[in-house]
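The structure under discussion appears below in the form of structure tokens.
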Amino acid sequence: MTADYFAAEDLAQETFLSAYEHLKNFDGGNPKAWLCRIATNKCIDYMSHSGRKSIPTEDVYLENRMEADVSESPEAVCMEQEMKEMLLMNCGRLKKPYDEIAKAYYYDEMDVREIAGSRGMKVKTVQTQIYRARSMLRKIYRKENSA
């Protein structure tokens, strides 16, 4: 769920620690399902607090290129523009409201609080929608890369 090996190791350890600490609350049902639920909750908490923007590889590349203070060649400028257009197109392929949230967050590079304020939404709701949009965009990019 995290797509990060080291974070997954830490979360697995936290999962078993939490299960041990709350063993007295276990109702005797399916222990595998109980552990999976704890692990899922740990991953969801991790993703919501991490504040990362690690969507598609192209997006990460674009952010790194924008931060670099180098004079760019016309080819690099064209490539960046093409990647931004592809990101905008893929954001448009998402269902509502995720299309608008993804565009605001990834394409327009708005902060979560800015998005929440402009739409009259709670910050937590926007964070959840960004997380879901990120997942949908990953699927789109993976499908395009495998084709």
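The values are calculated or read from the model by the stated rules, or taken from the named source; none is laboratory data. Quick caveat, the model's predicted, so the values are computed rather than measured. Here the Cβ positions follow ideal geometry from the backbone for every residue, glycine too, while neighbour counts run over all protein chains shown. Just so you know, the surface numbers come from the protein's heavy atoms only, side chains and all, with ligands and any DNA or RNA stripped out. Shrake-Rupley method; radii C 1.70, N 1.55, O 1.52, S 1.80 Å.
Report whether or not SER18 is surrounded by 11 or more Cβ atoms within 10 Å (Cβ to Cβ) and modelled with pLDDT under 85. The answer is no for SER18. Just wondering, is there one or more residues in the stretch 115-129 that are open to solvent by less than 50 Å² (accessible area, probe 1.4 Å) and in a loop (DSSP other than H, G, I, E, B)? No, there is no match, as no residue in the stretch 115-129 is open to solvent by less than 50 Å² (accessible area, probe 1.4 Å) and in a loop (DSSP other than H, G, I, E, B).
Close contacts from the stretch 97-109, counting a first residue that is in a loop (DSSP other than H, G, I, E, B) and a second that is at pLDDT 90 or above, with Cβ to Cβ under 8 Å and a gap of 6+ residues or different chains, come to PRO97/GLN129.
Taking the criterion of being open to solvent by 40 Å² or more (accessible area, probe 1.4 Å), part of a helix (DSSP H, G or I), within 22 Å of ARG132 (Cβ to Cβ) and modelled with pLDDT under 80, would at least one residue in the stretch 62-75 satisfy it? Yes, there is a match, as at least one residue in the stretch 62-75 is open to solvent by 40 Å² or more (accessible area, probe 1.4 Å), part of a helix (DSSP H, G or I), within 22 Å of ARG132 (Cβ to Cβ) and modelled with pLDDT under 80.
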